[in-house]
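Since the structure comes first, as structure tokens, the remarks are kept for the end.
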Amino acid sequence: MKFGVVIFPGSNCDYDTFFVLKNGLRQETVFLWHKDHDLRGVDCVVLPGGFSYGDYLRSGAIARFSPLMQEVREFADRGGSVLGICNGFQVLLELGLLPGAMLRNKNLKFLCQYVHLRVDNPETRFTRRTRRGQILRIPIAHFDGHYFSPPETLRDLEEHGQVVFRYVDEKGKPTEAANVNGSAAGIAGLINRRGNVLGMMPHPERASEALLGSEDGRLIFESLVQP
Amino acid sequence: MIDPKLLADHNLTLEEYKRIVSLVGREPNITELGIFSLMWSEHCSYKSSRAFLKKLPTKGKHVIQGPGENAGIIDIGGGLAVVFKIESHNHPSFIEPFQGAATGVGGILRDIFTMGARPIALLDSLRFGPLDNPRNRAIMDGVVAGISSYGNSIGVPTVGGEVYFDDCYSKNPLVNVFCLGLVEKDKIFYAKAEGVGNPVLYVGSKTGRDGIHGATMASAEFGKETEQKRPNVQVGDPFKEKLLLEACLEVMDKGLIVGIQDMGAAGLTCSTAEMPAKSGTGISINLDLVPQREEGMTPYEIMLSESQERMLLVAKKENVTEVQKIFAKWDLDAVDIGEVTAGRNLRVSFCGETVVDVPVDAVVNLCPVYRRPSRKPAYLQAVQKLDLPPLAGDLGAALLKVIASPIIADKEWVFRQYDHMVQTNTALLPGADAAVLRVKGQKRALAMTLDGNALYCYLDPRTGGAIAVAEACRNLACVGARPIGVTNCLNFGNPEKPEIMWQFKKVIEGMTEACRIFEIPVTGGNVSFYNDTEGLSIHPTPVLGIVGLIGDVDRLIGPGFKEEGDAVVLLGENRDELGGSEYLRAIHGLEKGRPPGIDLEREKAVQEVCIQAIASGLVRSAHDISEGGLAVCAAESCILGRTEIGCVLDLEDKARPDALLFGEAQSRILISASGTHLSKLLDLAAEKGVPAKVIGRAGGKELVIRQSGRDVVRLPVHRLFLAWKNALPEALSVR
């Protein structure tokens, strides 16, 4: 499988993601420059974490106008796999490829810490190596990860199994304390109806090696690679 | 035209001015005076400290670059080198905590990537006044948010450091920022301006009036039409710096440039003077070509501006187009503003006129060096005398209070605002004895720590200076790292006071002795004097940034107990010392006594045993005994593992119980080891002549400490955990 990691000005998890895909999963991986109009024949586009354009406006709001986003949109429309991590998730929301918006974390501070996620939909191309209800330990690092969408959208998302990951405590309970950023319905990761575009706030690339403290994030990349 | 008032505004003495006149060969004009005032300032010239700093050992077989460049460089083998440095941003952080701290981060990052290295770690030493004062809380809140905003955005993890509180920092908070970068040995760049005729390129943000020395703004000769008041603190733009970082590393990687220097303190002045001074050349620039974001700026303002996120490059002539192409890719301009010249002068033109023409050597190297008078302070005698207060009845209650002292309590409130994991090298999360980063593709890892006990230095500067080095090295030893290089930030009061100079001299003596015994070279650092407000000086505060190497990252251990039943071993010896302890301060409100003594040879042997034991896989946890003494160290070992594990310690020492629990005797490490490895561990210690004794066992849910068979502490671990965990958030949430 060939992966393409997009570099926006201000991306800062681009190398981390590239490293896991290339060295950890031994997949062909290339960088995609945001000003180009070429996806270089990749099978999966990854929008990495970071502060695209400094996030001085709404997070991801400027990156979505990058030239390459036109190709990414068309690629997604054709059913290509798109994974947005953290700032990448925010860009997907701004692009309208996923519904909703991100607000400031409920404590109004940047949060970098491990969280527990519950897999609520293992039947996607991003999660097929996981089990329903499995608890993943993966770090977050964001200021704007407080997911918001109106009640009718939330209902719709739940009905169609689009909530893939939810913040829970270590036992799997969706408590208020575990929902550190205050996301609606504790949503940490969302997929589109068609099942080819996933956005998630936690950083699976930071949890793909035992040395770094967790390998749970690797399951997401392995799911994509699995034939 | 140049009168005593103008000189005073520029912080120059009459003698200094006369020296300038003789070096330049005439009276300087106002712009030239501004240039000298900046470059001959204490901050840039180290005129009061230079003579003493020379004593620090700077040589070592792995040193590639010692003091004198933007940062020090140490060879770590495998074709790689580490570039590291520490800087203070104390005064700006007091005036404007958020931007002051943010631009401190920005500045130190530029020092590192200027040398061709990619920054991989930031650490901060922060010191504030007590948190019961709302102003101090606001400063801390702003400083942490500022560091967080800059470091997180640019994508360099903040992996460690220290946060410390004392009343002496209420009006002089300290913000010392350390950065380390990794570079391929054959791709290191220096601040050189070589090759006569080579173009000088200005890259990065446009120049504004921010950061121009406030005192000079009131001068009547210039700026009548300009705004009189400008904030002295610059505003940081981490996004711009991220672009600058990527673009600079790309042109350096491709070998397109000759030399590079960041425009930090003293901006365009510093870079255009220092680069040619180092290369035996001159530089000629045209200020009309400097990108400006405000109208009507005078040459004085342009030369003295400290606008952030700017760099000066010297490129090979034939590469200019290629360099500009790369900067354009990152949406940055690289503007040709001048060239390297054969004459050894800095020549600046503006609107067709020469506005500066001075010898670069005079500006950079010929500032007077002062050996200021020093005198032993009178306060010492009073504070060193300690009448021990009566023994507290409930030592368990005392432990709960000491562990909740903000100096010791959990700092998660701070660390979780920093992205400490980006770049995916962070092998130990913040809160351990030292930060540890793996080196991708290698078995080895880098460890680093920032440390310095200012109270010890206040009570006995020489001992305090030695302990600062020893303890930082001990932090490294606890993660299995051997120290390879030191940088330091020396924060002191006004050096024109003989008592301050005495403290400075003594601290350096102590540091020098310790660095020699540990055989670690000092590769650079920073001195921050004049940390006094309203006549009150801070405690002498040396902050040591020490970098270490770990042979095998798979052997890495943390401070927390791992398994029930493991033996708890004390390396080193308990001693009856309570002076300068956190216990005396937290429980009895005393900053008194003599700090613990230190035998540096013993210290080194203790550390060596710990390092070797970790490398041989003999221990499961190791934790430095420092502030709060043995009791706090044991409690933290119970708390800091993956799960809470209690322990029972049986001590036979005859010391006063509170001295035994909370005394801060040096050269001690608390280790846990499995039964199978215990005898090997004790043999290793015996071989090195280091006392090592099994003093207890891990297990259960309580921390129990017995002295001669009698319980002196018995507390549920979870209660200790809560006291430790909640102290800082509670102190900060008061409205």
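Pop out the carbon and sulfur fraction of the accessible area of chain B as a percent, whole number, probe 1.4 Å.
Carbon and sulfur together cover 51 percent of it.
Charges only on Cβ, +1 for Lys and Arg, -1 for Asp and Glu: so what's the dipole of chain B about the Cα centre, in debye to the nearest 20?
For chain B, the charge dipole is close to 1220 debye.
Between chains A and B, what is the buried accessible area in Å², counting both sides, with a 1.4 Å probe and ligands, DNA and RNA left out, to the nearest 100?
2600 Å²
Between B:Leu391 and B:Glu496, what is the label-to-label distance in nm when each label sits 7 Å out along the Cα-to-Cβ direction?
5.2 nm
Out of residues 5 or more away from B:Ile484 or on other chains, whose amide H comes under 5 Å of its own, with H placed 1.01 Å from N in the peptide plane?
So B:Ile484 has HN proximity to B:Val547, B:Gly548, B:Leu549.
What is the magnitude of the charge dipole of the range A:2-225 about its Cα centre, with +1 placed on the Cβ of each Lys and Arg, -1 on the Cβ of each Asp and Glu, and no other charges, expressed in debye to the nearest 20?
Roughly 300 debye, rounded to the nearest 20.
For the protein assembly as shown, what is the percent of antiparallel DSSP beta bridges, rounded to the nearest 5?
If I count the DSSP bridges inside the protein assembly as shown, around 75 percent turn out antiparallel.
If I compute solvent accessible area with a 1.4 Å probe over the protein chains, what percent of it on the range A:1-140 is carbon and sulfur?
Answer for the range A:1-140: carbon and sulfur cover 48 percent of the accessible area.
In the range A:109-190, which GluC sites (Glu not before Pro) fall in coil by DSSP and have 16 or fewer other Cβ atoms within 10 Å?
A:Glu123, A:Glu170, A:Glu176
Kirkwood-based Rg over Rh for the range A:109-214 (C-alpha set), two decimals?
Rg/Rh: 0.94.
B:Lys506: which lysines have alpha carbons under 16 Å from its alpha carbon, excluding same-chain residues fewer than 8 sequence positions away?
B:Lys54, B:Lys55, B:Lys376, B:Lys497
Please report how far the C-alpha centroid of the range B:1-69 lies from that of the range B:622-690, rounded to the nearest whole angstrom.
So the two Cα centres are separated by 49 Å.
What ³J(HN,Hα) values, in whole Hz, does the Karplus curve 6.51 cos²θ - 1.76 cosθ + 1.60 give for the range B:330-336 when θ = phi - 60°, with x put for Gly and Pro?
9, 6, 10, 8, 10, 9, 6
What is the range A:2-225's relative contact order, in percent, from Cα pairs under 8 angstrom and six or more apart in sequence?
Once normalised by length, the contact order is 20 percent.
Given H placed on each backbone N at 1.01 Å, which residues far from B:Leu80 in sequence or on other chains put an amide H within less than 5 Å of it?
B:Lys185
Taking every DSSP beta bridge with both residues inside the range A:2-225, roughly what % is antiparallel (nearest 5)?
If I count the DSSP bridges inside the range A:2-225, around 60 percent turn out antiparallel.
Say each of A:Glu159 and B:Lys206 gets a label point 7 Å from the Cα, pointing the same way as Cα to Cβ; how far apart are those two points in nm?
5.3 nm
Express the accessible area of the protein assembly as shown per residue in Å², computed with a 1.4 Å probe while the remaining protein chains stay in the model.
Accessible surface, normalised per residue, equals 35 Å².
Using each residue's phi in the range B:478-485, evaluate 6.51 cos²θ - 1.76 cosθ + 1.60 at θ = phi - 60° and report the 3J(HN,Hα) Karplus result to the nearest Hz, with x for Gly and Pro.
5, 10, x, 9, 9, x, 10, x
Quote to one decimal, in nm, the extra length available between B:Glu564 and B:Arg344 on full extension: 0.36 nm per residue of separation minus the C-alpha distance between them.
Contour length minus the Cα-Cα distance gives 72.2 nm.
Toward the positive end of the charge dipole of the protein assembly as shown, about the Cα centre and with charges on Cβ (Lys, Arg +1; Asp, Glu -1), which of B:Gly551, B:Met448, A:Val30 goes farthest?
Selected residue: B:Gly551.
Counting each DSSP H run of 4 or more residues in chain B as -39500 (n - 2.57), what helix-only mean residue ellipticity at 222 nm follows after dividing by all residues, to the nearest 500 deg cm²/dmol?
Helix-only estimate at 222 nm: -10500 deg cm²/dmol.
Would you tally the net charge around B:Leu732, using a Cβ to Cβ cut-off of less than 9 Å, leaving B:Leu732 out, and scoring K and R as +1, D and E as -1?
Value of the local net charge: -1.
With r defined as the distance between the Cβ atoms of B:Lys316 and A:Arg194 and R0 fixed at 51 Å, what FRET efficiency is calculated, to the nearest 0.05?
Working from the Cβ atoms, E equals 0.45.
Name the trypsin sites (Lys or Arg not before Pro) in the range B:35-139 that are in a loop by DSSP and that have at most 13 other C-beta atoms within 10 Å, would you?
B:Lys54, B:Lys59, B:Lys61
For the range B:275-313, which GluC sites (Glu not before Pro) pass both filters: DSSP loop (anything but H, G, I, E, B) and at most 15 other C-beta atoms within 10 Å?
Passing both the DSSP loop test and the Cβ count: B:Glu295.
Treating only the Cα positions of the protein assembly as shown as identical point scatterers, give the base-10 log of I(q)/I(0) from the Debye formula at each q in 0.04, 0.05 Å⁻¹.
The calculated log intensity ratios at q = 0.04, 0.05 Å⁻¹ are -0.19, -0.30.
Evaluate the relative contact order of chain B (contact order divided by residue number), counting alpha-carbon pairs under 8 angstrom at least 6 apart; express in whole percent.
14 percent
Around B:Asp75, under 9 Å between beta carbons, what's the net of Lys plus Arg minus Asp minus Glu among the other residues?
Charge balance in the 9 Å sphere: +2.
Can you tell me what the convex hull of the Cα atoms of the range A:2-225 projects to on average, as an area in nm²?
10.7 nm²
Set Lys and Arg Cβ to +1 and Asp and Glu Cβ to -1, take the dipole of chain B about its Cα centre, and tell me which of B:Thr463, B:Leu201, B:Phe239 lies farthest positive.
Of the listed residues, the answer is B:Thr463.
Give the lysines reachable from B:Lys725 as a straight Cα distance under 26 Å; neighbours fewer than 8 places away on the same chain don't count.
Counting by Cα, and skipping residues close in sequence, B:Lys725 has these lysines nearby: A:Lys106, A:Lys109, A:Lys171, A:Lys173, B:Lys401, B:Lys411, B:Lys562, B:Lys701.
Return the ratio Rg/(2.2 N^0.38 Å) for the range B:524-603, where Rg is computed over Cα atoms only.
1.63
Quick one, could you list the DSSP H helices from chain B stretching 20 Å or more along their long axis (Cα atoms) with average Kyte-Doolittle hydropathy of 0.0 or above?
B:97-113, B:134-154, B:238-253, B:461-477, B:498-518, B:600-615, B:717-733
Quick check: net charge around A:Gly195, other residues with Cβ under 13 Å of its Cβ, Lys/Arg +1 and Asp/Glu -1?
It works out to a net charge of +3.
Which of the listed residues, B:Pro389, A:Gly10, A:Gly199, is farthest toward the dipole's positive end in the protein assembly as shown, when Lys, Arg count +1 and Asp, Glu count -1 at the beta-carbon?
Comparing the listed Cα positions along the dipole, B:Pro389 ranks first.
Cα to Cα, under 17 Å, and not fewer than 8 places away if on the same chain: which aspartates and glutamates meet these conditions relative to B:Lys206?
B:Asp237, B:Glu241, B:Asp262, B:Asp288, B:Glu294, B:Glu295, B:Glu301, B:Glu306, B:Glu309, B:Asp331, B:Asp333, B:Asp336
The values are calculated or read from the model by the stated rules, or taken from the named source; none is laboratory data. Keep in mind that this is a model prediction, so the values were computed, not measured. Virtual Cβ from ideal backbone geometry, glycine too; neighbours counted across all protein chains shown. Note: areas computed on protein heavy atoms with side chains; ligands, DNA, RNA excluded. Shrake-Rupley method; radii C 1.70, N 1.55, O 1.52, S 1.80 Å.
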